[in-house]
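Worksheet for the structure shown next.
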Amino acid sequence: MKESLDLLIFGAHPDDAEIGMGGTIAKHTEQGLRVGVCDLTSAEMSSNGNVETRRKEAAEAAKRLGLAMRSNLELPDRGLYLLPEYVERIVLEIRKWKPRVVFAPYWEDRHPDHIACSKLVQEALFNAKLRRYIPHVPAHTVQESYFYFINDVIPPDVMVDVTAVYEKKRSSLKAYRSQFEAAGAGNDYVHTPLNQGYLERVEARDQLLGQQRSVPYAEGFISKLPYLTNLF
C-alpha cells in the first residue's frame, strides 16, 4: 500500500505546476512533506519537443523539486472536456494517494486546457468523497483545496514566501529546455511565447506578488472557501 501524500498538485501539462507553484512545492518538500504532481496530459500538442522529451523533462523537474511521485493520466492535450470518464480518472488518482491538500489551476486563464483542468479537478474533489461513487474504491475527503496561477493573476487569498527556495523553482523550470530555451535545434523548432522571455515574466510576477508583503518572491493562491490552515 502506497504512503499517502500531504499535497497533490494537478496540472493540464508538465510544467504547469512548476510555473504556478514550484516554490511552494520546494518549500514543503524541504520540510519533509510528501508532495506529488499529476499531469493530465503528455502535452503532445506542444509546438516544440515531443512526448518522450517532455516526459524526461518532467522527471528531471520532479527530481529537482524533491517530489515523492509524479504521474500522468495521458488524457488528450487540447481535448480536455468535462467528461465523466475523465472525472473518474482523477477521482481514482485522489483516492490512490489520499492527499490532505489538493491544488489545481485557477479557473480563469487564457489557455483553455488550464480552465478545463480546474473544472475537472473540482468535480473530482466532490466525487472522491462519495462512498457510492466507484464504490469498490474507498472514498477519500480532501481537507483543503487551493488554486494556483499559471498565466493570469488576480489578487490572491493566500500568499507564500518562496524566497529561500526560489532557486529550486528556477532549476525546475530550466529542466523544460524544449519549452523555454530561446535557441532551439533542428528544423522543427519554432518561436513561441514560452521561449521568448516567458520565464522572466514568471519571475517578475512572483516578485510583484512578493512586493505586496515586502518579500523578494511569493506565490499566490485562491480558495473558494474560507480557509483555516497550518499548511503555509
Inset, instruction - Output the number of residues of segment 132-182 satisfying the condition of being in a loop (DSSP other than H, G, I, E, B), among the aliphatic types (A, V, I, L, M) and open to solvent by less than 40 Å² (accessible area, probe 1.4 Å). - result: 6
Inset, instruction - Considering every residue within segment 112-121, establish whether at least one is open to solvent by 20 Å² or more (accessible area, probe 1.4 Å) and either over 22 Å from Pro155 (Cα atoms) or touching a residue at least 60 places away in the same chain (Cβ under 8 Å) (or both). - result: no
Inset, instruction - Run down Gln196, Gln207, Gln143, Gln179 and say which single residue is of a type in the set (S, T, N, Q) and under 22 Å from Ile94 (Cβ atoms). - result: Gln143
Legend entry - Hits in segment 62-92 - residues which are in a helix (DSSP H, G or I) and open to solvent by 20 Å² or more (accessible area, probe 1.4 Å): Lys63, Arg64, Pro84, Glu85, Tyr86, Glu88, Arg89, Leu92
Inset, instruction - With respect to Ala218, determine if the residue is under 20 Å from the mean Cα position of the chain (by Cα) and modelled with pLDDT of 95 or more. - result: yes
Inset, instruction - Residues being touching a helix residue (DSSP H, G or I) at 6+ places or on another chain (Cβ under 7 Å) and open to solvent by 10 Å² or more (accessible area, probe 1.4 Å): count how many of those fall in segment 16-47. - result: 6
Inset, instruction - Could you grab the pairs with beta carbons closer than 6 Å, sequence gap of 6+ or different chains, first residue in segment 52-64 and under 22 Å from His28 (Cβ atoms) and touching a residue at least 12 places away in the same chain (Cβ under 8 Å), second one assigned to a helix (DSSP H, G or I) and open to solvent by less than 70 Å² (accessible area, probe 1.4 Å)? - result: Ala61/Glu18; Ala61/Ser172; Arg64/Ser171; Arg64/Ser172
Inset, instruction - Could you figure out which of (1) at pLDDT below 95; (2) farther than 26 Å from Pro193 by Cβ; (3) of a type outside the set (Asp, Glu) isn't true of Lys63? - result: (1)
Legend entry - Residue within segment 183-197 that is at pLDDT 95 or above, surrounded by 14 or more Cβ atoms within 10 Å (Cβ to Cβ), more than 26 Å from Asn127 (Cα to Cα) and out of contact with any Gly (no Cβ under 7 Å at 6 or more places or on another chain) present: no
Legend entry - Subset tally (residues that are among the aliphatic types (A, V, I, L, M), out of contact with any Gly (no Cβ under 8 Å at 6 or more places or on another chain) and either farther than 25 Å from Phe221 by Cα or in a strand (DSSP E or B) (or both)) for segment 21-58: 2
Inset, instruction - Could you give me the residue pairs with C-beta distances under 7 Å whose first residue belongs to segment 22-40 and is of a type in the set (Ser, Thr, Tyr), whose second residue is modelled with pLDDT of 95 or more and part of a loop (DSSP other than H, G, I, E, B) wherever it lies, and which are 6+ apart or on separate chains? - result: Thr24/Val162; Thr29/Gly66; Thr29/Leu67
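The values are calculated or read from the model by the stated rules, or taken from the named source; none is laboratory data. Note that the structure is a prediction, hence the values are computed from the model and not measured. Ideal geometry is used to build each Cβ from the backbone, glycine not excepted, and the neighbour counts take in all protein chains shown. Ligands, DNA and RNA are excluded from the accessible area calculation, which covers all protein heavy atoms including side chains. Shrake-Rupley method; radii C 1.70, N 1.55, O 1.52, S 1.80 Å.
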